[in-house]
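One structure is given below, encoded as structure tokens.
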Amino acid sequence: MISLTRLELHLETSRGLPVIASLMMYLRPENAQAHDRYWALIRAELAQRGIDAPGQPDNTRDEFEVWTAGDLVLSQTCGMPYRKWLHDKVTLIGTPDYGVKGCDAGYYNSVIVVRADDQRTDLPAYRDALFTYNQTFSQSGYAAPYALAQKHGFWFENRSQSHGHLNSARAVAEGRADIAALDVVTWELIQKFDDFAADLRVLAQTPPTPGLPYIAAAGVNRQATYDAVSAAIAGLDQGDRDALCLKGLTQIPKAAYLAISNPPETAG
């Protein structure tokens, strides 16, 4: 592990071209300081390897603007956008391992949540229910539940868009929707920080798929960036690891992402 103070002068005097980064996934007010410390470690490790990085990630920019930027140092995307639009335009750096129970390193799944007092006991019983989702290009919020529902011979005809997993969970808890699919890591954070989690229960889980990968612009030094992020994760103290749910970084091949099917356009 390197010393942040030892690299302070280098970081402040770097003369590289302007670059951007974004780590918006799983960011919440409750873990924002841990994210800041994580980025400081990443930036220092990148600098040690001769890679310029911004002082802070820009987590407010449009995600596709960030993901397709020619000066992208590091960001995290979802598996579905990666396989549909990004895989031939970016560098796949690696996949964070969140230690999801029942999943291989770097893999994750979705939990299908309903209200705790809803008496229906299986997914087909919700065929006519109002399903809410974050985005139609979300692996965990849309593609995974689509594949699971198709195994039962249906897809939700009644749907509403929430624009975020947290919004979906809250909508179900408050009775504005009946059912939603949540990224299991997001669900862990909701259970940790949101009181309304007590009003929800897990009805089902989807099969594991490759988790949310770290990406950078085409042509970057993949191995150096991978090593920098790995070292940064190793440098986190246990409190920050727990706040970020991070266990490590792993390499999942591009082919594993591309092997996952997308819902047809008619399902949107």
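The values are calculated or read from the model by the stated rules, or taken from the named source; none is laboratory data. Here the structure is a predicted model, which is why all the values come from computation and not from measurement. Please note: Cβ atoms are built from the backbone with ideal geometry, for glycine as well, and neighbour counts cover all protein chains shown. The accessibility values were calculated without ligands, DNA or RNA, using every heavy atom of the protein model including side chains. Shrake-Rupley method; radii C 1.70, N 1.55, O 1.52, S 1.80 Å.
A few points about this structure:
- Hey, residue 221 in contact with a Lys or Arg (Cβ under 7 Å, 6 or more places away or on another chain) and in contact (Cβ under 8 Å) with a residue 60 or more places away in the chain or not: no
- Restricting attention to the range 236-268, the residues being more than 30 Å from residue 150 (Cβ to Cβ) and either without any contact (Cβ under 8 Å) to a residue 12 or more places away in the chain or of a type in the set (Ser, Thr, Tyr) (or both) number 4.
Conditions (1) crowded, with 16+ Cβ neighbours inside 10 Å; (2) of a type outside the set (A, V, I, L, M, F, W, C), marked per residue:
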site: 100; (1), (2): yes, no
site: 128; (1), (2): no, yes
site: 134; (1), (2): yes, yes
site: 142; (1), (2): yes, yes
site: 146; (1), (2): yes, yes
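- Cβ separations smaller than 7 Å between residues 6+ apart or across chains give the following pairs from the range 185-198 residues that are more than 14 Å from residue 115 (Cα to Cα) and open to solvent by 80 Å² or more (accessible area, probe 1.4 Å) to residues that are modelled with pLDDT of 95 or more and outside any helix (DSSP H, G or I): 188/245.
- Options 52, 117: the member that is open to solvent by 10 Å² or more (accessible area, probe 1.4 Å), of a type in the set (Asp, Glu) and over 30 Å from residue 198 (Cβ atoms): 52
- Taking every residue in the range 98-123 that is hydrophobic (A, V, I, L, M, F, W, C) and pairing it with any residue that is open to solvent by 80 Å² or more (accessible area, probe 1.4 Å) and in a strand (DSSP E or B), at least 6 positions away or on another chain, the pairs with Cβ-Cβ distances below 6 Å are 111/205.
- Of all residues in the range 102-111, those that are aliphatic (A, V, I, L, M) and open to solvent by less than 10 Å² (accessible area, probe 1.4 Å) total 1.
- Boolean, residue 122 is at pLDDT 95 or above, of a type in the set (Asp, Glu), open to solvent by 20 Å² or more (accessible area, probe 1.4 Å) and under 23 Å from residue 191 (Cα atoms): yes
- Of residues in the range 57-93 being under 14 Å from residue 212 (Cβ atoms) and among the charged types (D, E, K, R), the one most open to solvent (accessible area, probe 1.4 Å): 63
- Screening residue 166 on (1) in contact with a His (Cβ under 9 Å, 6 or more places away or on another chain); (2) under 22 Å from residue 23 (Cβ atoms) shows it passes everything except condition (1).
- Filter pass, residue 264 being over 16 Å from residue 83 (Cα atoms) and more than 16 Å from the chain's Cα centre (by Cα): no
- For the range 232-253, a tally of residues being in a helix (DSSP H, G or I) and farther than 21 Å from residue 19 by Cα returns 10.
- Test: residue in the range 221-235 that is within 24 Å of residue 144 (Cα to Cα) and either of a type in the set (S, T, N, Q) or in contact with a strand residue (DSSP E or B) (Cβ under 7 Å, 6 or more places away or on another chain) (or both): no
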